[in-house]
Amino acid sequence: MRYAMAIDTNKCVGCADCVVACQTENLVPHGFSRDWIVEKVDGTYPNLDMAFQSERCNHCENAPCVRCCPTGSSHIAEGGIVLVTHDECIGCGACIESCPYDARYVHPDGYVDKCTFCIHRVDKGENPACVDVCPTYCLHFGDLDDPNSDVSKALKDRNWYVLAPEAGTKPQLYFLR
Amino acid sequence: MKEELIVSGKHLPGIYPDLHLWHWEIALYLFLGGLAGGIIFFASYFVIMGKEKEMPTAVKWASIIAPLALVIGLGALFLDLNHKLYFWRLYTTIRFQSPMSWGAWTLLLITPLSFIWVASYLKEMFPSWDWKFNFLNQFEKFVIKNRKGLAWILLILSLIVAVYTGILLSAFNARPLWNVSILGPLFLVSGYSSGLAAIMWISKNESERKVLSRIDLILIAVELFLIVHLFMGFMAGTAVKQEAFNLFLGGPFTVSFWVFVVLLGLVLPGVLEIFELRGYHVPKWVPAFLILFGGLVFRFVMVEAGQITRYLY
């Protein structure tokens, strides 16, 4: 099993519904978020090109945060989801420094927090909150090993890219273009 | 050229743009860890070589600094933790791939051992010292009998502690300034040089200082050599490495690095030490202070600058 997400940058309008859905679903404290929108503008005026990327933890296959964690609090759960066990986390920040995507933050309660791919929903067979709430259906989630999953189908006939592949982390967020 | 503008929507005061997570606590610890490592290394080295009599400061007096530096450094590390009361989780597991885990375990060993080292010399340093309890006297006898063994253990632990200060940073793939394998040796040499400076500062023995000065000159030369290599690597590196390099060449860290670390912290004390060895009178605290100050600034510069560098995507 290998959970992944595909983000259709042609469909994303940058409404940030995914951000709000995540904050509501996961009770993320005010002033923080586990996912965010990046607006990319390419070209020279007046010939500009704009795309939106809904970003979150890349749930890397070769996760530097898991490698750096001195207590084993950061770990890879079944399906490749990178998680933090809150009562094992000492809040040292090694994982935050080691993440090329800046996907982690220190929760006001002291531990480090991040996107969980809504594992509590995924375990019940549901999609992550951000995926379900997206008004343009630009987020696709599922198991890469299952050819009939939403994400496998989305990746099949589209070109895609990942973020900072040169970091060697084998990220699992695929951006469709 | 095609221009690209990236506007992040992560307008969250808790996360962006202030991702600066590590502050003075880490820099201070990296300095004190290297300093303690240096002092412990030379104390145990001279004992192993049987030079206890010739190098009284290095072996006895200066080694008092080591446990104090370690305790203050550990205090700083503790302050840096965000989930403080869970710190003991470090000691419920060993993570071989995490330098921080290695460091935590090494510190757990070297800190009490450095106290024992100092304690075993207390009677020599203060002849009226009395342990009060018989079991303490017996323990002291046991330590003195096995001092060479203790010296060997401390020698190896001091290497790990001093290298660890650099490897802690170089393990972070996401920060291109830190992610260079030469950082471990560089911090090791710099830490040992700080240790020597501290010993020289408090040494009252002329011939001892001369020996230490000579060793320190070699360490300074090696450190300069490693810094040149560090920057050669950045210059010849990919875009992210070049960006890291630019922070030090025209960027915000140019003055603090080249003036305070290289010129005042390495070159000037090196020149002063050469003059001293040639017989000129140089107040002994001047080169020592410069080296310690340069070492401290170096840690601060590396910790601050490293957190600015990142992958460009």
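Just so you know, all these numbers are worked out from the coordinates, no wet-lab data involved. Small disclaimer: the values here were computed from a predicted structure and weren't measured. Backbone-built Cβ (ideal geometry, glycine too); neighbour counts: all protein chains shown.
Considering the range A:103-115, and only residues there that are within 7 Å of another protein chain (Cβ to nearest Cβ) and buried (at least 19 other Cβ atoms within 10 Å of the Cβ), the residue that is nearest to the chain's Cα centre (by Cα) turns out to be A:Tyr105. Taken over the range A:85-111, the criterion of being closer than 16 Å to B:Ser101 by Cβ and not in a loop (DSSP other than H, G, I, E, B) is satisfied by A:Glu88, A:Ala94, A:Cys95, A:Glu97, A:Ser98.
Considering only the range B:167-265, give the helices (runs of 4 or more DSSP H) lying wholly within it that have at least 3 residues that are among the charged types (D, E, K, R) and over 20 Å from the mean Cα position of the chain (by Cα). In the range B:167-265, B:206-235 are the helices (runs of 4 or more DSSP H) which contain 3 or more residues that are among the charged types (D, E, K, R) and over 20 Å from the mean Cα position of the chain (by Cα). Residues in the range A:116-128 that are crowded, with 23+ Cβ neighbours inside 10 Å and either part of a helix (DSSP H, G or I) or in contact with a Pro (Cβ under 7 Å, 6 or more places away or on another chain) (or both): A:Phe117, A:Cys118. Residues in the range B:18-46 that are assigned to a helix (DSSP H, G or I) and among the aromatic types (Phe, Trp, Tyr) were compared, and the one that is farthest from the other protein chains (Cβ to nearest Cβ) is B:Phe46.
Considering each residue of the range B:138-150 in turn, at least one proves to be free of Cβ contacts under 8 Å to residues at least 12 places away in the same chain and either touching a Leu at 6+ places or on another chain (Cβ under 6 Å) or of a type in the set (Phe, Trp, Tyr) (or both).
When B:Ile160 is tested against (1) surrounded by fewer than 21 Cβ atoms within 10 Å (Cβ to Cβ); (2) more than 19 Å from the chain's Cα centre (by Cα); (3) closer than 30 Å to A:Ala94 by Cβ, only condition (2) is not met.
What's the total number of residues in the range B:69-84 that are more than 17 Å from B:Ala36 (Cα to Cα) and either within 17 Å of the chain's Cα centre (by Cα) or facing chain A (nearest Cβ under 8 Å) (or both)? Qualifying residue count, the range B:69-84: 5.
Residues are listed down the side, and each one gets a yes or a no for (1) surrounded by 15 or more Cβ atoms within 10 Å (Cβ to Cβ); (2) part of a loop (DSSP other than H, G, I, E, B):
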{"residue": "B:Leu70", "(1), (2)": "yes, no"}
{"residue": "B:Gly73", "(1), (2)": "yes, no"}
{"residue": "B:Leu79", "(1), (2)": "no, no"}
{"residue": "B:Ser128", "(1), (2)": "no, yes"}
{"residue": "B:Leu150", "(1), (2)": "yes, no"}
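Residues of the range A:14-38 that are farther than 14 Å from A:Cys130 by Cβ, touching a residue at least 12 places away in the same chain (Cβ under 8 Å) and more than 16 Å from the chain's Cα centre (by Cα): A:Pro29 alone.
When B:Leu196 is tested against the conditions (1) surrounded by fewer than 24 Cβ atoms within 10 Å (Cβ to Cβ); (2) more than 14 Å from chain A (Cβ to nearest Cβ), the lone failure is (1). Regarding the range B:103-118, can at least one residue be identified that is among the aromatic types (Phe, Trp, Tyr), more than 14 Å from every other protein chain (Cβ to nearest Cβ), surrounded by 20 or more Cβ atoms within 10 Å (Cβ to Cβ) and within 15 Å of B:Ser44 (Cβ to Cβ)? Yes, the range B:103-118 contains a residue that is among the aromatic types (Phe, Trp, Tyr), more than 14 Å from every other protein chain (Cβ to nearest Cβ), surrounded by 20 or more Cβ atoms within 10 Å (Cβ to Cβ) and within 15 Å of B:Ser44 (Cβ to Cβ).
For the range B:267-298, residues that are out of contact with any Pro (no Cβ under 8 Å at 6 or more places or on another chain) and within 15 Å of B:Phe31 (Cβ to Cβ) total 7.
Yes or no: the range B:142-154 includes at least one residue that is within 17 Å of B:Leu77 (Cβ to Cβ) and within 19 Å of the chain's Cα centre (by Cα). Explain how you work it out, then say what you get.
Let us first name the residues in the range B:142-154 that are within 17 Å of B:Leu77 (Cβ to Cβ), namely none.
No: the range B:142-154 contains no residue that is within 17 Å of B:Leu77 (Cβ to Cβ) and within 19 Å of the chain's Cα centre (by Cα).
Per-residue answers, yes or no, for (1) facing chain B (nearest Cβ under 10 Å); (2) touching a residue at least 60 places away in the same chain (Cβ under 8 Å); (3) closer than 30 Å to B:Phe96 by Cβ; (4) surrounded by 16 or more Cβ atoms within 10 Å (Cβ to Cβ):
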position	(1), (2), (3), (4)
A:Asp42	yes, no, no, no
A:Tyr45	yes, no, no, no
A:Cys60	no, yes, yes, yes
A:Ser98	yes, no, yes, yes
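Within the range B:268-280, residues that are touching a residue at least 24 places away in the same chain (Cβ under 8 Å) sit with their Cβ atoms under 6 Å from residues that are in a helix (DSSP H, G or I) and hydrophobic (A, V, I, L, M, F, W, C), at 6+ positions apart or across chains, in these pairs: B:Pro269/B:Leu290; B:Pro269/B:Ile291; B:Gly270/B:Ile220; B:Glu273/B:Leu217.
Here A:Met50 fulfils each of the conditions (1) more than 7 Å from chain B (Cβ to nearest Cβ); (2) in contact with a helix residue (DSSP H, G or I) (Cβ under 9 Å, 6 or more places away or on another chain) apart from (2). Scanning the range B:146-162 for residues that are among the hydrophobic types (A, V, I, L, M, F, W, C) and over 13 Å from B:Ala104 (Cα atoms) returns B:Leu150, B:Ala151, B:Trp152, B:Ile153, B:Leu154, B:Leu155, B:Ile156, B:Leu159. Of the residues that make up the range A:86-93, is at least one buried (at least 20 other Cβ atoms within 10 Å of the Cβ) and more than 8 Å from every other protein chain (Cβ to nearest Cβ)? No; the residues of the range A:86-93 include none that is buried (at least 20 other Cβ atoms within 10 Å of the Cβ) and more than 8 Å from every other protein chain (Cβ to nearest Cβ).
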